[in-house]
Amino acid sequence: SHENLLSVAGELVLEEDEVFGGFTGLAKFPTVPALTFLSEQARAGNEGAMKFTSKTLDVYADSALRDSVDGGFFRYCSKSDFSEPHYERMLYDNAGLLYLYSRHGDSDRAGQLVEFLSSVLLVRGGLGSSQNSESRVDSLLVEGAYYRSSLPERAKLPTPSVDQKVLSGWNGLALSALVEAHIA
């Protein structure tokens, strides 16, 4: 019922990390399903859900969760202050965030995510499921070395590999997000 949905939205909003933003917790994941639910509640007129969703999307975009070079989002940050990212980049997270930034009228961030999906994750037959967190530096696999580098430095490094698996469910999420981006 409508009252139950309002209650659930209210409970989620109460989980806000008052200091660093996003949801409380030691690790910061981009909790797309909860934010999508809150975004729908915001569209139905829930002011608390709107405020929380908009603020959280801004926090995500301005934190180490997002690659400052190409705008793609990492799997999570291991610290509550959004530091120390785990550099793997998942299709489903980036598709869900593309949907949310598009829904909230953030064309800059949505545009960067469209570019990220099409230039980094595009493989034969669709979008690959993830991009690896490690890259080779002096013949050693190093976690995050590529992502900690500037754009000119990246040009000299091997790009982390993309998992070539094309998962229909995750590609469906991406197609839905791309439609939302086009509408926006």
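The values are calculated or read from the model by the stated rules, or taken from the named source; none is laboratory data. Note that the structure is a prediction, hence the values are computed from the model and not measured. A quick note on method: Cβ atoms are made from the backbone with ideal geometry, for glycine too, and the neighbour counts reach across all protein chains shown. For accessibility, only protein heavy atoms count, side chains too; no ligands or nucleic acids. Shrake-Rupley method; radii C 1.70, N 1.55, O 1.52, S 1.80 Å.
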For Val32 the rounded accessible area (nearest 10 Å², probe 1.4 Å, non-protein molecules ignored) is 20 Å²
Residues whose built amide H sits under 5 Å from the amide H of Val137, excluding neighbours closer than 5 in sequence, are Val142
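Using Cα-Cα distances under 8 Å and only pairs 6 or more residues apart, what relative contact order does the chain have, in percent? List each step's numbers first, then the result.
Values: 290 pairs, mean separation 34.5, N = 184.
Computed value for the chain: 19 percent relative contact order.
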Asserting the computed 222 nm helical MRE of the chain (DSSP H runs at least 4 long, -39500 (n - 2.57) per run, divided by residue count, to nearest 500) equals -13500 deg cm²/dmol
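Leu121: net charge of surrounding residues, Cβ under 10 Å, Lys/Arg +1, Asp/Glu -1, itself excluded?
Details: positive: Arg89; negative: Asp163.
After counting each charged neighbour, the total is 0.
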Projecting the Cα atoms of Gly45, Ser135, Leu113 onto the charge dipole of region 2-161, where Lys and Arg contribute +1 and Asp and Glu -1 at Cβ, the residue farthest towards the positive end is Ser135
Computed ³J(HN,Hα) along region 128-134: with the Karplus parameters 6.51/-1.76/1.60, θ = phi - 60°, integer Hz and x for glycine or proline, the list is x, 6, 6, 10, 4, 7, 10
FRET efficiency (Ala44, Val123; Cβ distance; R0 30 Å; to 0.05) is 0.20
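In square angstrom, what is the accessible area per residue of the chain with a 1.4 angstrom probe? Could you put the intermediate results ahead of the total?
Details: 9540 Å² over 184 residues.
Using a 1.4 Å probe on heavy atoms only, each residue of the chain averages 52 Å².
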Excluding residues fewer than 8 positions from Lys55 in its own chain, the lysines with Cα under 28 Å of it are Lys28, Lys79
In whole angstrom, the spacing between the Cα centers of region 111-184 and region 11-88 equals 20 Å
Quick calc: nm separation of the 7 Å Cα→Cβ label points for Val19 and Asn132 -> 3.6 nm
SASA check, Met50, accessible area w/ 1.4 Å probe, all protein chains in place, rounded to nearest 10 Å², comes out at 70 Å²
Expected vector for region 166-177, Karplus 3J(HN,Hα) from phi with 6.51, -1.76, 1.60 and θ = phi - 60°, integer Hz, x for Gly and Pro, equals 9, 8, 4, x, 5, 5, x, 4, 5, 4, 4, 5
For Asp58 the rounded accessible area (nearest 10 Å², probe 1.4 Å, non-protein molecules ignored) is 70 Å²
Ordered by number, the trypsin sites (Lys or Arg not before Pro) in region 123-184 that occupy a DSSP loop and have at most 15 other Cβ atoms within 10 Å are Arg124, Arg148, Lys156, Lys165
In the list (i) 28; (ii) 22; (iii) 46, the entry giving percent of Cα pairs over 29 Å apart computed from the coordinates is (ii)
Diffing region 42-51: the Karplus 3J(HN,Hα) column from phi (6.51, -1.76, 1.60, θ = phi - 60°), in whole Hz with x for Gly and Pro, holds 4, 5, 8, x, 7, 5, x, 5, 5, 4
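Report the charge-dipole magnitude of region 1-134 in Debye, nearest 20, computed about the Cα centre from +1 at each Lys and Arg Cβ and -1 at each Asp and Glu Cβ. Spell out each step's value before the answer.
On the way: 11 positive and 20 negative charges, 78 e Å.
Approximately 380 debye in magnitude.
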The chain, Gaussian network, Cα under 10 Å: of Ala61, Ala155, Ala42, the residue fluctuating most is Ala155
